[in-house]
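First comes the structure, then the notes that go with it.
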Amino acid sequence: MKTSIATVSLSGDLSEKIQAIARAGFDGVEIFENDFIAFDHSPREVGRMVRDAGLLVTLFQPFRDFEGLPEPLRAKAFDRAERKFDVMQEIGTDLILVCSNVSVHALGGVDRAAADLNELGQRAAKRGLRVGFEALAWGRFVNDHRDAWEIVRRADHHAVGLILDSFHTLARGIDVGSIRSIPKDKIFVVQLADAPKLELDLLSWSRHFRSMPGQGDLPLVDFMAAVRTTGYDGVVSLEIFNDQFRAGSANAVAIDGKRSLIYLDDQVSKLTGARPGLADLPPRAPCSGVEFIEFAVDDESALRLESLISALGFHQAGRHKSKDVTLWSQGGAHVVINSEREGFAHSSYIVHGPSACAMCLCVDDAERAMARAKALMAMRFQQGVREGELEIPAIRGVGGGLIYFIDNRSDLARLWEIDFERVEPRFGAPQAGLTVIDHVAQSMEYDEMLSWLLFYSAILDVAKSPSLDIPDPGGLVRSVVVQNADRSLRLVLNGSQSQHTASARFLSEFFGSGVQHVAFATTDIFATAKAIRSAGLETLPIPDNYYDDLEARFALTEALLADLKAYGILYDRDADGEFYQIFTKTFDDRFFFEIVDRRGYMGFGAANAAVRLAVQKRLSRDPTLARH
């Protein structure tokens, strides 16, 4: 199986697209006619450029409004085709994509269309070329791959075949089982695109909201499983029309594209029991939670951060044996504070200031998780360690931060024992009842969200939630959650197109994407609230109006409402249970902490987000109120 991507999927001019596609490791490229027409090089030079990049031109596309035309339009369509054949031969490709007719002049009739394709096939064959026919979902008469296949079958010419496009089939809800009966030698190319479920007309949906496999909601695995049963092992190509992709980094989009094909192939192979065509991957890494969050700081901000987490009930549990790094623990929640003056954390501090530079995930097998991550084109990170210390497997994550992997089957399980000297907690050191890291929220550019959603979903054994739009005083924030089956790992991805939201302000202050807040779990929010207040920690001040509304919405008892109000606790309830949350003020306009108490509740308090965001924005305008 060979992989390809259409130039329409990427930003830049044709040469930039070709280079990005080659760097991502594709085998070939579909030349989109508009990209070629706007380019200032001859067809022969374009073909040489593609071959010099180590690629092949999988097809030239699209050739529109061909079949079923009355004269003299029919003759003109064949003349146009001959001109395109000239270009194809110069570029060095043997296949043209003919999409079904949408013209008001088109005439219906399967036999008429088949006759036109037969004649086109004869003309193409004389030049050593082939014709692939594709049913557009909005085609005037042919909008179903089953009809397109019947036309190809009746055309009965070796140079005429079918091009299957997942979007055109799945967007119309066509049964993919019908693909299984198509002979593999009559499928010339398979094009893939995912998309979110939207209530839009088919043309607008296709032209603006396609995405990479795994980034949307269409059943791509079922589609490809049906294709695979035919025995097809030819070119699988991405044709993605997406405004964000065409405005973003060509290199990043191309890498996402190749990653999506590897991941899709892996899913199909596991479903069908067939051998993978692209890479034999270990299973997605099962994860049992976040082992620790690491913060990069200097000496001054380290003291302030230590004071903050001490007030949250953490105690210093260890000092690194060779680095200026300390471990702070409470229950099963761990925070690492790194004040080193060289290495990755220091570089992160120089760029971002005090910030969460890494998180560590506990997986079933760290070596297997790394193998899968590398096969899916994640960037491995390595930094020298001293003899006797652990080298923790790591990859680059959101904003260039690190994701470490540890497990319980190797020496990595003894990280705190091997790399750290134990520090006994002070007698009577206060605890706040925090148990584990409940979730980690990362803010990123809106255009990055699909990329990181694919990244996490492909590497880790997680599922995505439906996205939510959270109202912020400065605009809307799009939020999506990836989490494992038992919810011991929850990652919240936030992005905003507005430049005035809290998410956007974080990107500005942080100089890039990264961890905006960390949530710790407790089983008794009121005991925790009392403990941190006794330790002198001021939490986010919640307006009285919020509690008046709570009373009206939920008919809470006076005693409960008084306790919520006294400690600045936010509350929500759904069919599954109750939810309580407290927020710290923002640390240096970069990150903050949350404490949550889940009593059967599975969500994240979305109903409270607008209040929290409004208070944070108000405090950000008055640094004397916001600072710890």
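Every number in this text was worked out from the coordinates using simple rules, so none of it is lab data. Just so it is clear, the structure is predicted and the values come from calculations on it, not from any experiment. Don't worry about glycine lacking a Cβ; one is built from the backbone with ideal geometry, like all the others, and counts go over all protein chains shown.
Filter the range 329-343 down to the residues that are of a type in the set (A, V, I, L, M, F, W, C) and within 16 Å of residue 299 (Cα to Cα) and list them by number. Let's see the steps before the verdict.
First pass over the range 329-343, keeping only residues of a type in the set (A, V, I, L, M, F, W, C): 333, 335-337.
Matches in the range 329-343: 336, 337.
When you scan the range 224-258, how many residues do you find that are crowded, with 19+ Cβ neighbours inside 10 Å and without any contact (Cβ under 8 Å) to a residue 60 or more places away in the chain? Write out each step before concluding.
At the first step, the residues of the range 224-258 found to be crowded, with 19+ Cβ neighbours inside 10 Å are 224-228, 232, 235-242, 244-245, 248, 250, 253-258.
Going one step further and asking which of them are without any contact (Cβ under 8 Å) to a residue 60 or more places away in the chain, we end up with 224-226, 228, 232.
Going through the range 224-258 one residue at a time, the tally reaches 5.
Pick from the range 168-187 the residues that are in a loop (DSSP other than H, G, I, E, B) and among the aliphatic types (A, V, I, L, M): which of them is farthest from residue 239 (Cα to Cα)? Step through it out loud before you land on a result.
Filtering the range 168-187 for residues in a loop (DSSP other than H, G, I, E, B) gives 171-175, 182-183.
Remaining after also requiring among the aliphatic types (A, V, I, L, M): 171, 174, 182.
Values: 171: 14, 174: 19, 182: 22 Å.
Restricting to residues being in a loop (DSSP other than H, G, I, E, B) and among the aliphatic types (A, V, I, L, M), the top hit is 182.
Give the residue, chosen from 516, 499, that is in contact with a Ser or Thr (Cβ under 9 Å, 6 or more places away or on another chain), free of Cβ contacts under 8 Å to residues at least 40 places away in the same chain and either in a loop (DSSP other than H, G, I, E, B) or of a type in the set (S, T, N, Q) (or both).
Working: 516 fails: free of Cβ contacts under 8 Å to residues at least 40 places away in the same chain.
Selected residue: 499, the only one of 516, 499 that is in contact with a Ser or Thr (Cβ under 9 Å, 6 or more places away or on another chain), free of Cβ contacts under 8 Å to residues at least 40 places away in the same chain and either in a loop (DSSP other than H, G, I, E, B) or of a type in the set (S, T, N, Q) (or both).
For the range 222-264, enumerate the residues that are in a helix (DSSP H, G or I), more than 24 Å from residue 398 (Cα to Cα) and within 17 Å of the chain's Cα centre (by Cα). Break it down into steps so the answer makes sense when it comes.
Narrowing the range 222-264 to residues in a helix (DSSP H, G or I): 222-229, 243-247, 250-264.
Retained after the next criterion (residues that are more than 24 Å from residue 398 (Cα to Cα)): 222-229.
Answer for the range 222-264, where residues must be in a helix (DSSP H, G or I), more than 24 Å from residue 398 (Cα to Cα) and within 17 Å of the chain's Cα centre (by Cα): there is none.
Can you list the helices (runs of 4 or more DSSP H) lying wholly within the range 30-147 that have 1 or more residues being closer than 17 Å to residue 163 by Cβ and touching a residue at least 12 places away in the same chain (Cβ under 8 Å)?
Counting at least 1 such residues, we get 33-37, 73-91, 110-126.
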Exception for residue 390 within (1) within 19 Å of residue 520 (Cβ to Cβ); (2) of a type in the set (A, V, I, L, M, F, W, C); (3) free of Cβ contacts under 8 Å to residues at least 40 places away in the same chain falls at (1)
Just give me the residues in the range 290-327 being touching a Pro at 6+ places or on another chain (Cβ under 8 Å), crowded, with 23+ Cβ neighbours inside 10 Å and within 23 Å of residue 433 (Cα to Cα), in sequence order. 295, 313
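How many of the residues in the range 532-551 are assigned to a strand (DSSP E or B) and closer than 13 Å to residue 614 by Cβ?
So the answer is 0.
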